[in-house]
Amino acid sequence: MKAVGARLPRYDGIEHVTGRTTYVDDVRVPGTLWAKALRSPLHSATMSGLDVSPAEAMPGVHAVITAADVPLLEYGHLSALGIPADEPLLAKDEVRYKGQPIAIVAAEDEETAMAAVDAIEVDFDERPPLFDIRKAFDADAPKVHPWGNWYPHFEGEMDRRQIRKGSIDEAFDRADVIVQGVYRPAAIEHVPLETQVSLAVPEANGRLTVYSCTQALYFSMGVIAAHLQVPLNKLKVVGGTVGGGFGGKVDTASETMCALLAQKSGRPVKWRWTREEEFLCSSTRAPWHMEIADAVTKDGWILGRKMLTLHDSGAYARFSPYGLTKHSFHHTGAYTIPNLSFDGFVIFTNRVPTTAMRGFGVTSVSFATETHMSRVANVLGLDPYEVRLKNANRIGDTSPNRIVYTDPSTVSVVKALAGGMEVELAPEYAAMTRDPREGDLLPEHLVSQMADPEAH
Amino acid sequence: MKLTVNGIAHDVVSAPLATLLDVLREDLGITSPKAGCEQGGCGACTVLVDGEPQRACLTPAASLEGLEVTTVEGLGAPESLSPLQQAFTHHYAAQCGFCTSGMMLAAEGYLKRGGTDDREAIQEALAGHVCRCTGYVKIIDAVAAAARGDSFDLTVTAPSAGMTNLGGV
């Protein structure tokens with residue numbers, strides 16, 4: 001425990017301030033080629049007549065790859081868990097978001113690579129794009145995928161993440177007031193200072209060394225090996241130095257295509273995205289659509305919550321089912337609500353695929369829940385701090401997925417917020433602790449919520 | 001052309017409009033200036049040209065004949081850190097580190113102009129430098145500490161009640 005409470009130097013602090021930290025873009029390998037991608041200029045289209053031969057014929061161009069060059073075209077980050085993949089490494093026949101890679105070129109320098117990309121021929125038949133998650137949810141919406149716009153592979157091949165707890169009908173029958181709200185946080189780009197970058201180097205022993213800015217090295221290793229259809233011992237993936245990620249570098253965005261170009265050209269290949277590509281084509285935090293209806297009593301108890309969540313996955317699933325699952329587990333926020341009916345959907349649109357970002361799936365529901373708690377207080381004419389404290393998680397309460405809280409912090413956090421805002425709490429709230437509920441704070445509707453100590 | 005970087009003179013042969021950033025990184029292998037946006041927007045490529053901060057990504061190398069370029073490698077090595085490097089280390093002003101060299105050279109230019117520990121003046125001097133990790137507070141703490149001439153102990157210290165990670169000591 002020497003580290004606790006001590007001032008420790010960062011392990012990489014001196015390297016950072018002397019310019020010696022080696023990020024992927026700083027790795028120097030002689031003979032490295034530059035990669036550039038032909039990306040879809042349209043949000044949604046069918047594609048035909050892809051012809052890369054004019055690019056291949058250009059002097060200084062060493063390799064061009066398309067969907068036809070990828071040994072296993074579709075492989076998802078969650079494939080290892082048995083979840084079917086839906087995203088091709090390079091677009092084939094269709095594009096589903098603007099910026100989707102269609103072909104990648106490796107050339108002597110950046111300018112040649114850009115000129116080669118411009119020389120590639122392809123025809124598009126544009127379709128009307130679908131951006132609004134709520135419209136995409138409707139049965140008569142245009143379909144992003146052949147099977148529709150709902151992700152269909154939750155456990156048991158369910159089309160939604162569903163939580164049922166207690167008796168929601170009883171809660172709504174007994175409520176004095178139903179308080180409803182709709183919450184729609186927008187997409188956010190991570191904007192790491194280091195754009196997406198990777199470097200693949202063919203080694204004399206037949207292996208590929210891949211330098212990656214990934215936040216999830218072993219995910220990337222599995223994904224590259226699967227697309228290339230090579231055993232893991234043919235890859236050496238070097239990572240660990242990331243110029244900002246925030247969740248945006250969990251997806252394997254560039255490494256696999258670099259590796260394929262290096263294989264095909266026999267040369268080291270680097271692909272560094274421009275800032276424009278990073279903004280327009282990299283994954284973002286998802287937009288969400290959340291509808292909440294709370295059954296509440298006049299004195300501020302929340303008896304039950306019905307919730308519908310739509311998670312905008314963009315064009316492909318990637319990690320979205322995982323994010324929505326976390327979201328569902330946290331959908332009561334920092335509060336205990338005994339009766340729940342939650343339905344969450346991962347919805348496809350023609351936006352860039354969305355991914356993790358700081359509190360994947362949870363920040364959206366925190367925003368919705370906190371806004372809704374204040375709305376409940378406003379509707380009832382009660383103090384927003386006191387409504388929060390009344391319904392706060394206490395030791396022994398259970399989460400929506402029935403995890404017993406042993407170390408909840410809601411009470412201390414809300415009291416600190418009240419203190420910071422110089423709000424004076426009524427004596428019974430000022431004295432409140434997170435200890436297990438009893439007396440007035442264990443009303444009949446919360447009895448069944450308490451964990452049975454024998455059962456855990 | 002002749003280009004002097006961190007006191008070392010180089011003969012550089014480059015395309016007429018090659019940027020200083022490309023020449024430093026690709027020709028001279030000096031990689032501390034970063035290609036964050038290549039549009040002058042993020043500040044990660046900033047170097048000092050005759051002591052003044054400049055965006056290397058927007059500066060044609062050919063315009064620097066006879067001028068002195070300083071990158072963060074020129075401020076000090078691990079065994080001989082400059083006061084500003086010590087301040088950044090002590091105040092945990094670098095997290096991922098990608099914006100750090102540009103930040104430090106903007107700060108070095110500010111201190112060279114006689115900048116003080118006034119936080120608003122430091123903010124003004126660092127405007128246009130984007131950091132996505134630290135939230136800027138620790139960076140401003142570090143520059144203010146260097147401006148004051150604080151001394152720093154960069155070794156491990158014992159647990160202390162006065163220690164805080166919420167904005168520096």
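Throughout, read-outs are computed from the coordinates displayed, never taken from laboratory work. From a predicted model like this one, the values you see are computed outputs, not experimental measurements. Glycine gets a Cβ as well: all are built from the backbone with ideal geometry, and neighbour counts include every protein chain shown.
Structural remarks
- Size of electric dipole in chain A: Cβ of Lys, Arg +1 and of Asp, Glu -1, about Cα centre, debye, nearest 20: 920 debye
- Cleavage-rule hits (GluC sites (Glu not before Pro)) in the range A:350-434: DSSP loop, at most 15 neighbouring Cβ within 10 angstrom: A:GLU422, A:GLU424
- Taken as Cα centroids, the range A:95-116 and the range A:419-447 sit 60 Å apart, rounded to the nearest whole angstrom.
- Unit charges at the beta carbon, dipole of chain B: most positive-side option, B:LEU67, B:GLY36, B:GLY51: B:GLY36
- Restraint check, B:LYS112/B:LYS138; A:LYS36/A:LYS326; A:LYS92/A:LYS306, Cα-Cα greater than 29 Å: A:LYS36/A:LYS326; A:LYS92/A:LYS306
- 0 to 90° range, to nearest 10: angle between helix B:100-112 axis and chain B longest Cα axis: 80 degrees
- Under 17 Å of direct C-alpha separation, and excluding same-chain neighbours fewer than eight residues apart, A:LYS165 reaches these aspartates and glutamates: A:ASP173, A:ASP294, A:ASP343, A:ASP397, A:GLU444, A:ASP452.
- For the range B:5-22, 3J(HN,Hα) per residue [Karplus equation, 6.51 cos²θ - 1.76 cosθ + 1.60, θ = phi - 60°, Hz, x = Gly/Pro]: 10, 6, x, 10, 7, 10, 8, 10, 10, 9, 4, x, 9, 4, 7, 4, 4, 5
- Global geometry of chain B, whether rounded, prolate or oblate, following the gyration tensor of its Cα atoms and the 1.5 cut on a/c: prolate
- Rounded if a/c under 1.5, otherwise prolate or oblate - the range A:369-446, Cα gyration tensor axes: prolate
- Charge dipole (debye, nearest 20) of the range A:1-143; +1 at Cβ of Lys and Arg, -1 at Cβ of Asp and Glu: 1020 debye
- Normalising the Debye intensity of the protein assembly as shown to I(0), with uniform scatterers on Cα atoms only, and taking log10 at q = 0.07, 0.08, 0.12 Å⁻¹ returns -0.55, -0.71, -1.28.
- Environment charge of A:ALA141, counting only residues whose C-beta is closer than 15 Å and scoring Lys/Arg +1, Asp/Glu -1: +1
- Local electrostatic count, B:THR4, Cβ distance below 12 Å [Lys/Arg +1, Asp/Glu -1]: -3
- With K and R counted +1 and D and E -1, the other residues having a Cβ less than 15 Å from that of A:PRO353 yield a net charge of -2.
- Between the range A:319-380 and the range A:214-243, the alpha-carbon centres lie 31 Å apart.
- Size of electric dipole in the range A:83-209: Cβ of Lys, Arg +1 and of Asp, Glu -1, about Cα centre, debye, nearest 20: 760 debye
- Kirkwood-based shape ratio for the range B:24-87, expressed as Rg/Rh from alpha carbons: 0.97
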